[in-house]
Amino acid sequence: MAFDDTTSDWGDPSRQSSSPPMGRVIEMAFTGLWVIRCRGVLQEVGGRLCWPDRRSLEQAAAEAGIPLSDIVVHTGRLDPGHR
């Protein structure tokens with residue numbers, strides 16, 4: 001079953017706030033890259049769509065004023081022996 005989350009970041013329309021939605025931090029385990037997803041699409045920050053580690057992603061998001069969720073989504077296989 002697939003979940004379409006393109007609108008899930010927007011929340012309840014009656015409770016909209018003026019603050020931007022939180023970015024979802026995603027680790028793409030197979031490639032080792034980190035991305036930010038906002039409103040169902042990858043978020044470009046400073047001309048970049050991906051970062052080599054979580055620390056550099058968080059730093060770029062902070063400099064751009066993008067709030068991040070503290071929940072990290074890990075995709076793909078986490079066992080490096082299966083790459």
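Whole-Hz Karplus ³J(HN,Hα) for the range 45-57, in order, using 6.51 cos²θ - 1.76 cosθ + 1.60 and θ = phi - 60°, x for Gly and Pro?
Once rounded to whole Hz, the list reads 10, x, x, 10, 10, 9, 9, x, 8, 5, 4, 5, 5.
What net charge is computed for the residues neighbouring residue 70, neighbours being all others with C-beta under 13 Å from the C-beta of residue 70, Lys and Arg scored +1, Asp and Glu -1? Please report the intermediate quantities before stating the final value.
Values: positive: 24, 54; negative: 58.
Cβ neighbours under 13 Å give a net charge of +1.
Each value in this text was obtained by applying a stated rule to the coordinates, not by laboratory testing. In this text, all values refer to a predicted model and were calculated from it rather than measured experimentally. Heads up, the Cβs are rebuilt from the backbone with ideal geometry, glycines too, and the neighbour counts pull from every protein chain shown.
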